[in-house]
1. State yes or no: is LEU185 under 30 Å from GLY7 (Cβ atoms) and either in contact with a Pro (Cβ under 9 Å, 6 or more places away or on another chain) or among the acidic types (Asp, Glu) (or both)?
2. What residue, of ASP87, ASP78, is open to solvent by 20 Å² or more (accessible area, probe 1.4 Å) and in contact with a Ser or Thr (Cβ under 7 Å, 6 or more places away or on another chain)?
3. Residue under question is LEU16, and the condition is that it be in contact with an Asp or Glu (Cβ under 6 Å, 6 or more places away or on another chain), open to solvent by 20 Å² or more (accessible area, probe 1.4 Å) and at pLDDT 95 or above; does it hold?
4. Looking at ALA115, ALA125, ALA134 in this structure, which one is at pLDDT 95 or above, out of contact with any helix residue (DSSP H, G or I) (no Cβ under 7 Å at 6 or more places or on another chain), open to solvent by 20 Å² or more (accessible area, probe 1.4 Å) and not basic (Lys, Arg)?
5. Kindly list the number of the only condition in (1) open to solvent by less than 10 Å² (accessible area, probe 1.4 Å); (2) among the β-branched types (Val, Ile, Thr); (3) touching a residue at least 24 places away in the same chain (Cβ under 8 Å) that fails for ILE106.
6. Which of the residues that make up segment 163-178 are open to solvent by 60 Å² or more (accessible area, probe 1.4 Å) and in a loop (DSSP other than H, G, I, E, B)?
7. Taking the condition of being in contact (Cβ under 8 Å) with a residue 24 or more places away in the chain, open to solvent by 60 Å² or more (accessible area, probe 1.4 Å) and either among the aliphatic types (A, V, I, L, M) or not in a loop (DSSP other than H, G, I, E, B) (or both), how many residues in segment 144-162 meet it?
8. Pick out the one residue from LEU61, LEU51 that is aliphatic (A, V, I, L, M), open to solvent by 20 Å² or more (accessible area, probe 1.4 Å) and in contact (Cβ under 8 Å) with a residue 12 or more places away in the chain.
Amino acid sequence: MSDQPPGAVAGPDGRLRCPWGLSAPEYLAYHDQEWGRPVRGDTVIFERLCLEGFQSGLSWLTILRKRENFRAAFAGFDPPAVAAFGDDDVARLMADAGIVRNRAKINAVITNARAALEVPGGLSALVWRYAGEAGEAPKTMADLLASTPASKALSAELRRHGFAFTGPVTAYATMQACGIVNDHLADCFYRDP
């Protein structure tokens, strides 16, 4: 993102957007229709947490382009279904060229599904407990944070519940993706939907 303009820029329709949202059609749709919009429910939160874990070390665009393959491979990210995965499923996933074939990340999704089923009140409620008061809107890309005290606390709580691949950066990216925080730039059209 370092070569992009620092503040919001006009998109093809003239509306100002976060600059990363204009770099590929998939980003434009994700920015305009999903990122930063509040979602609730264990399955949808679980999906975003898993996808953010898969993204670690990769381009988010890679994950977006494989998203439907991930959904098919991981039973729509239904925690009970994924929690039942065994060795044959891991072998199937490792052979699936449509997803990121990283054994540690695949095993983390299964581990996390099992952990999610044990969270009192559900995963969505746990994650949303870390929503705080809205801070000042970032003005430039340089103002965006990789993690926050809330994401560090969420990461620690997830680990206490047995989750894997959910460090503070992944936790914060999940918070952004689920609309728990709104990190659209101050001049972005979505800032105040």
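The values are calculated or read from the model by the stated rules, or taken from the named source; none is laboratory data. This structure is a prediction, so every number in the text was calculated from the model and none was measured. FYI the Cβ positions are ideal-geometry reconstructions off the backbone, even for glycines, and counts take in every protein chain you see. Remember, those area values only see protein heavy atoms, side chains included, never the ligands or the DNA or RNA. Shrake-Rupley method; radii C 1.70, N 1.55, O 1.52, S 1.80 Å.
1. yes
2. Checking each option against the conditions leaves just ASP78.
3. Criteria met by LEU16.
4. Going through ALA115, ALA125, ALA134 in turn, just one is at pLDDT 95 or above, out of contact with any helix residue (DSSP H, G or I) (no Cβ under 7 Å at 6 or more places or on another chain), open to solvent by 20 Å² or more (accessible area, probe 1.4 Å) and not basic (Lys, Arg): ALA125.
5. Checking ILE106 against (1) open to solvent by less than 10 Å² (accessible area, probe 1.4 Å); (2) among the β-branched types (Val, Ile, Thr); (3) touching a residue at least 24 places away in the same chain (Cβ under 8 Å), the one that fails is (3).
6. Result: PHE165, single match.
7. 2
8. LEU61
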